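Remarks on the structure that follows.
The values are calculated or read from the model by the stated rules, or taken from the named source; none is laboratory data. Predicted model, so just to flag it, every value in this text is computed and none were measured. Because the Cβ atoms are built from the backbone with ideal geometry, glycine has one as well, and the counts that use them run over all protein chains shown. Quick note on the areas: whole protein, heavy atoms, side chains included, nothing else; ligands and nucleic acids left out. Shrake-Rupley method; radii C 1.70, N 1.55, O 1.52, S 1.80 Å.
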Amino acid sequence: MTDQHFSAHARTRTGRSHQGVGHVDEHHDERFTVVGNHLAQHSELSLTAIGLAVHIHSLRSGTLVGIKALAAKFPEGETRIASALRELETHGYLARIKERLPSGRIVTRTISYNKPRTHTAPQLRKPHGDPAQTPPPPLTPAVPTPPRPPQPHDLPAHRTARDVLAGLRTHDPRLHLSEQDVRRLAPAVATWLERGVTPDDVRRTLSAGMPQDGVRHPAGFLAHRLTALLPPPLPAARPEPPRPAPLQNCDDCDRAFRAVTPGRCRGCSTTHQARAAAA
């Protein structure tokens, strides 16, 4: 019987998986760029933004890194490059500052950070040169800030509504509401108050006739009652009819007649005018 000979030696099991990436690391003596893992493994940046940041880190100072210049080097196109630059700017790896030259021209200067910085809005830098030749900025009059209009939660009706809802648990412990529920239901209670219902009547209506088996969701129970039992608005007040003129006694015949001021009645006034005209 022929003996079996195996040409391959058995491998030693190390307990590690060989399915992931493997590394062959060689030392760089020249032409290399140091990149932190905070950038290389950033979970919120796209791969385009990470690669673009690494490329910008590797460039010399003064190299143009505008959208058109980068689009001429890489196949991504201006739209994707512009989006990647905005990502880096948002996460603090890039800043684009507008600077005014002595000639008055405004240019954009790009600053690359190897560690993320707090993002600030680009500022317009002053031109380099003689300060005496730089015209002072025009004075602008101070514009007073208009007062903030009252918010709904600041109105007296809403404050009273919150007090009514917060006090329901003193009438029935089953109507215990959280602060968020009180703020959510306050506008509905304010509508009741605006329709002429007193706070005591609102409290009495909401807490009357509670179910015998209890209330599982007090906020939902009260929201249903506030909608189903909402009273109609009060009718508009009708204007009072004009009151008639007071009664006066005629100076000639002593008959009663209505007029604003004392004097003669209509008949005596007509006779008096006829006599005056005949004379």
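Looking only at residues of the stretch 25-82 that are of a type in the set (S, T, N, Q) and open to solvent by 80 Å² or more (accessible area, probe 1.4 Å), we find that the one that is farthest from residue 115 (Cα to Cα) is 79. Can you say whether residue 120 is at pLDDT below 80 and not in a loop (DSSP other than H, G, I, E, B), as far as the supplied structure shows? So residue 120 does not fit the description; no.
For the stretch 55-114, the set of residues classified as under 35 Å from the mean Cα position of the chain (by Cα), touching a residue at least 24 places away in the same chain (Cβ under 8 Å) and in a loop (DSSP other than H, G, I, E, B) consists of 66, 91, 92, 93, 114, listed by residue number.
Within the stretch 237-279, track down each residue that is of a type in the set (Gly, Ala, Ser) and touching a helix residue (DSSP H, G or I) at 6+ places or on another chain (Cβ under 8 Å). Lay out the reasoning, then the answer.
Filtering the stretch 237-279 down to residues of a type in the set (Gly, Ala, Ser) leaves 237, 245, 256, 259, 263, 267, 269, 274, 276-279.
Scanning the stretch 237-279 gives a single hit, 263.
Within the stretch 265-276, residues that are more than 15 Å from residue 253 (Cα to Cα) and acidic (Asp, Glu) reach no partner that is exposed (fewer than 13 other Cβ atoms within 10 Å of the Cβ) and at pLDDT 85 or above with beta carbons closer than 8 Å at six or more positions or on different chains.
Among the residues making up the stretch 32-50, those that are farther than 11 Å from residue 87 by Cβ and in contact (Cβ under 8 Å) with a residue 12 or more places away in the chain are 33, 34, 35, 36, 38, 39, 40. Candidates are the residues of the stretch 26-54 that are among the β-branched types (Val, Ile, Thr) and modelled with pLDDT of 85 or more; the one that is farthest from the chain's Cα centre (by Cα) is 54. With respect to residue 246, is the statement that it is modelled with pLDDT of 85 or more and under 30 Å from residue 265 (Cα atoms) true? Criteria met by residue 246.
Every condition in (1) within 30 Å of residue 168 (Cβ to Cβ); (2) modelled with pLDDT under 85; (3) open to solvent by 100 Å² or more (accessible area, probe 1.4 Å) is met by residue 214 except one, and the failing one is (3). Please tell me if residue 213 is in contact with a Cys (Cβ under 7 Å, 6 or more places away or on another chain) and either farther than 22 Å from residue 194 by Cα or part of a loop (DSSP other than H, G, I, E, B) (or both). In short, no.
Once the stretch 84-111 is narrowed to residues that are small (Gly, Ala, Ser) and surrounded by fewer than 15 Cβ atoms within 10 Å (Cβ to Cβ), the residue that is modelled with the highest pLDDT is 92.
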